[in-house]
Amino acid sequence: MSPERFAVRGARVLVRGSLERRDILVQAGRIAEVAPEVDRDAQTLDAAGLIALPGAIDAHVHFREPGLTHKEDWASGSRAALAGGVTTVLDMPNTVPPTTSLEALEQKRRLAAGGSLVDFGLFFGLTEQNVEEALAADGVAGVKVFLGASTGGLVVRSEAVLERLFAACRKPIVVHAEEENLMQAARTSLGRPPRPLDHGALRSVEAAVAALQTALELALRHGAHLHVAHVSSAAELDRIVEARKLGARVTCEVAPHHLLLDESYVAAQGCRGKVNPPLRPAGEPERLWERLRRGVVDCVASDHAPHLAAEKDRTYDEAPSGLPSVELFLPLLIECVARGRLGLADVVRLSAEGPAQVFGLRGKGRIERGYDADLALVDLQAGRTVEASAIRSRCGWSPYEGWSLTGWPVVTLVRGRIAFGPQGYDASSRGREVDLGESRGESA
Ligand code: DOR
Ligand code: ZN
């Protein structure tokens, strides 16, 4: 059911920090009213016993299309997202070809518009040659800069290019902060073929902090908006806090795996746990949690990086880095509520309000009149154990296999359409590119 006008009835919604029963009237894909009772004549979507959260916005996914569709594509990635309560994703540029030209950007736009069941935004990837194109790219959620090489080999080391970008870019500059020279030096000094547990030393916290410092200095000097991707250590968060005190415009995200897993996962599972930046030693997640609870972190973003299990089970140098988790996005965060690490209001802030604000996504991130009717209707009592056989992402595995999670989305609505529910997926309509409130500069 996705009529033009209907009411989601009986769900509990967060109202000033506590859960209260509210009806949500949906009209033409938007929220028309949120009240204890709305238009009795409107058709009903019965949500009694469920809570309604704003659809999650995952500001960091790798959906792999074009080029690497054996790992994921827009259709499979967006189906996984919907199961995790995610209604908007922002996709990274390290596809094949990479999203580093206006032509590749238009190609990805067409693929996403044709295949995605969730709304989407795209990042443009910076290279040493394309800074003017990056600055001219209309409608992108931001420009992604790899200061150290990761999957896809996009890396920018030219100071002149970075200066130009930070001086002129009006969009969020999303930085993968790991310092290339320090990583190469660590590799050389290891003097033997690396094993999975060497990963953390080869891509150290020091390397992350060094790259972050470069980015923070640029952001401060030019007044640019820096967004730090997948912060993995407390030391980085502390630098970010210091830079904010100096006036830097800097936002950041943390990935679930850096909050929930540590190096012991690599000890047990080898390269399944290989990810850039790496899982850190025991104790580091707790220090991230402590800062996250203090409000230092703007969003949780999955960094969903699907690789097949067979690819991950290769030797250290052959196994690709990256962990999938978009389809567990809300279940993992809600499990953190059950474990007393977060409040439900924090989940909403980190999964919806925060990313919408950081990236300026119009109409997204809140259950309020006038906003898009992007909703995750969640059964807080539903318990399920994560199993590889049930994974919807084409990668077919999860670092959280065997975890028992309580609190799962039952229905996920995208702009008032039941995109995912007990009946399965609505494959008849497609996601849209996010509205950033800027003109795309196109003539009609
Ligand atoms: O571990 C990672 N995997 N880090 C990245 O920066 C890229 C990602 C991928 O695309 O697989
Ligand atoms: Zn990533």
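Computed from the coordinates by the stated procedures, all read-outs in this text should not be read as laboratory data. Here the structure is a predicted model, which is why all the values come from computation and not from measurement. All Cβ positions, even for glycine, are placed from backbone atoms using ideal geometry, and neighbour counts span all protein chains on display.
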Alpha carbon Rg of the stretch 344-437, scaled by the compact-globule rule 2.2 N^0.38 Å: 1.23
Charge dipole (the chain, unit charges on Cβ, about Cα centre) - positive-most of Ala345, Leu259, Thr412: Ala345
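Can you say what percent of the DSSP beta bridges in the stretch 1-146, counting only those with both residues inside, are antiparallel? Round to 5.
Values: 14 of 31 bridges.
Of all bridge pairs located within the stretch 1-146, approximately 45 percent are antiparallel.
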Cβ-based net charge around Glu318, under 12 Å, with every Lys or Arg adding one and every Asp or Glu removing one: 0
P(r) of the chain over all Cα-Cα pairs, binned every 20 Å from zero, in whole percent: 27, 59, 13, 0
Exposure proxy order (Cβ contacts within 10 Å, fewest to most) of Thr412, Thr315, Thr151: Thr315, Thr151, Thr412
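Under 15 Å from the Cβ of Asn181, count the other residues' Cβ atoms, weight Lys and Arg +1, Asp and Glu -1, and hand me the total. Intermediate results must be reported in sequence, preceding the final value.
Details: positive: Arg157, Arg187, Arg203; negative: Glu159, Glu178, Glu179, Glu180, Glu206.
Surrounding charge for Asn181 is -2.
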Among the listed pairs Lys171/Lys312; Lys274/Lys364; Lys71/Lys108; Lys71/Lys171; Lys71/Lys364; Lys108/Lys171, those beyond 25 Å (Cα-Cα): Lys171/Lys312; Lys274/Lys364; Lys71/Lys171; Lys71/Lys364
For Ser398, Ser232, Ser264, Ser189, order by how many other beta-carbon atoms lie within 10 Å, fewest first: Ser189, Ser264, Ser398, Ser232
Most mobile listed residue (Arg40, Arg430, Arg239) in the chain, GNM with C-alpha springs under 10 Å: Arg40
Listed residues Ala160, Ala310, Ala137, most fluctuating in the chain (Gaussian network, C-alpha, under 10 Å): Ala160
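If you rank Lys144, Lys364 by fewest surrounding Cβ atoms within 10 Å, what's the result? If you can, show how the numbers build up before the last one.
Working: Lys144 30, Lys364 24.
Going from sparsest to densest Cβ surroundings: Lys364, Lys144.
Of all DSSP beta bridges in the chain, what percent run antiparallel (nearest 5)?
Roughly 50 percent of the DSSP beta bridges within the chain come out antiparallel.
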Under the Karplus curve 6.51 cos²θ - 1.76 cosθ + 1.60, θ = phi - 60°, whole-Hz ³J(HN,Hα) for the stretch 88-97, x wherever Gly or Pro sits: 9, 10, 10, 9, 7, x, 7, 8, 10, x
Anchor Lys245: aspartates and glutamates whose Cα lies under 17 Å away (excluding residues fewer than 8 positions away in-chain): Glu217, Glu236, Asp298
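In a shell of Cβ-Cβ distance under 9 Å around Leu279, excluding Leu279 itself, what net charge do Lys and Arg (+1) and Asp and Glu (-1) give?
On the way: positive: Lys274, Arg280; negative: Asp262, Glu263, Glu284.
So the environment of Leu279 carries a net charge of -1.
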CD proxy at 222 nm, helix term only [per DSSP H run n ≥ 4: -39500 (n - 2.57); per residue of the chain; nearest 500]: -8500 deg cm²/dmol
